[in-house]
Amino acid sequence: MAEENRSWGYDRVVGALANLGHEVSDQTVGNVLRRHGLPPAPARKHTTTWAAFIRAHLAVLAGTDFFTVEVLALRGLVTYYVLFFIHLESRKVDIAGITVHPNEQWMQQMARNATMEGCGTLRDCRYLLHDRDTKYTISFRAIIESGKVKTLLLPARSPNLNAYAERWVRSVQEECLSKIIVFGERSLRRALSEYVAHYQAERNHQGKSNVLLFRRVTQTRHEEPVQCRERLGGLQTITIKRRREQLEESRINIWQWPVARCFSSVRKARLRD
């Protein structure tokens, strides 16, 4: 009670316990709190943990981050930078942009797109978490804050403070990008688009009570046939129920494993060169 309600004093905790049928004195409450390293209410209410801040502002918080993808092009492997935003409460992910050269002008345009009135990714957010990557320039932060979104610069070497964004990077890398060879920017955009659609509408999330984030079918009839739908040439397989007239679904084919050894060989050759 004292951790979750940091302004509660000893007497307030005593009253809350009495509501639950536990009769204790305020001295007992004080002894228990001191034993667990919790200060009295006057000192406790002026200190807020990062986890408590995240919980209190979850609905208006967004995170942003970069990750890189090695793309096979005619001139060899090319490193692409992917910028994304994630809304912490809903876990909705938006791929803001993909580029080889994330310079200041490109970042300024991404900030304008994200804060566009009525349709920007950050339209319902008030805070944006990001690390100290130099790509988040002063001009980028100024444009974001002009859209009434405060940027929160995280301490150095603290990826745990932007854990939702870091976890999404791990998911897209492990479940998608590490299992395919991407030929060109167009294939990269298609793969990310398909994975984001799968992530938000077809993938159960343990952190959200193991449910779908944005369920497309609200009612399921038991008599309807069961269909297996594939994404990315079978990389993602989803079992769903469809009406009989909707059974035909398109498949998207992208080169994938077992040609990953070819990709590894090309990468090693590049490193040797």
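The values are calculated or read from the model by the stated rules, or taken from the named source; none is laboratory data. Given the structure is predicted, the values throughout are model-derived calculations rather than measurements. Here the Cβ is made from the backbone with ideal geometry for all residues, glycine too, and neighbour counts use every protein chain on show.
Just one of the listed residues (ILE86, ILE98) is closer than 27 Å to GLY207 by Cα and either in contact (Cβ under 8 Å) with a residue 24 or more places away in the chain or not hydrophobic (A, V, I, L, M, F, W, C) (or both), namely ILE86.
Look at MET110 and say whether it is under 19 Å from the mean Cα position of the chain (by Cα), assigned by TED's automatic domain parsing to the domain that holds GLN173, surrounded by 12 or more Cβ atoms within 10 Å (Cβ to Cβ) and not acidic (Asp, Glu). Judged against the criteria, MET110 is a match. A Cβ distance below 9 Å, combined with a sequence gap of six or more or placement on separate chains, defines the contacts here; from region 178-200, residues that are closer than 15 Å to GLY97 by Cβ reach residues that are not in a loop (DSSP other than H, G, I, E, B) and not β-branched (Val, Ile, Thr) in the pairs GLU185/ALA73; GLU185/TYR80; LEU188/TYR80; LEU188/LEU177; LEU192/PHE84; LEU192/LEU177; VAL196/PHE84; VAL196/ASP94. For the condition without any contact (Cβ under 8 Å) to a residue 60 or more places away in the chain, of a type in the set (A, V, I, L, M, F, W, C) and not assigned by TED's automatic domain parsing to the domain that holds LYS135, VAL78 does not qualify. Only one of these is of a type outside the set (A, V, I, L, M, F, W, C), at pLDDT below 95 and not assigned by TED's automatic domain parsing to the domain that holds GLY76: ARG157, ARG203, ARG123. Name it. Criteria check complete, one pass: ARG203.
Looking at this structure, is THR28 without any contact (Cβ under 8 Å) to a residue 24 or more places away in the chain, more than 23 Å from TYR127 (Cα to Cα), in the same structural domain as ARG186 (by TED's automatic domain parsing) and not aliphatic (A, V, I, L, M)? For THR28, the condition - without any contact (Cβ under 8 Å) to a residue 24 or more places away in the chain, more than 23 Å from TYR127 (Cα to Cα), in the same structural domain as ARG186 (by TED's automatic domain parsing) and not aliphatic (A, V, I, L, M) - is not met.
Can you find, within region 65-80, the residue that is surrounded by the most Cβ atoms within 10 Å (Cβ to Cβ) among those that are hydrophobic (A, V, I, L, M, F, W, C) and outside any loop (DSSP other than H, G, I, E, B)? The extreme case among them is VAL71.
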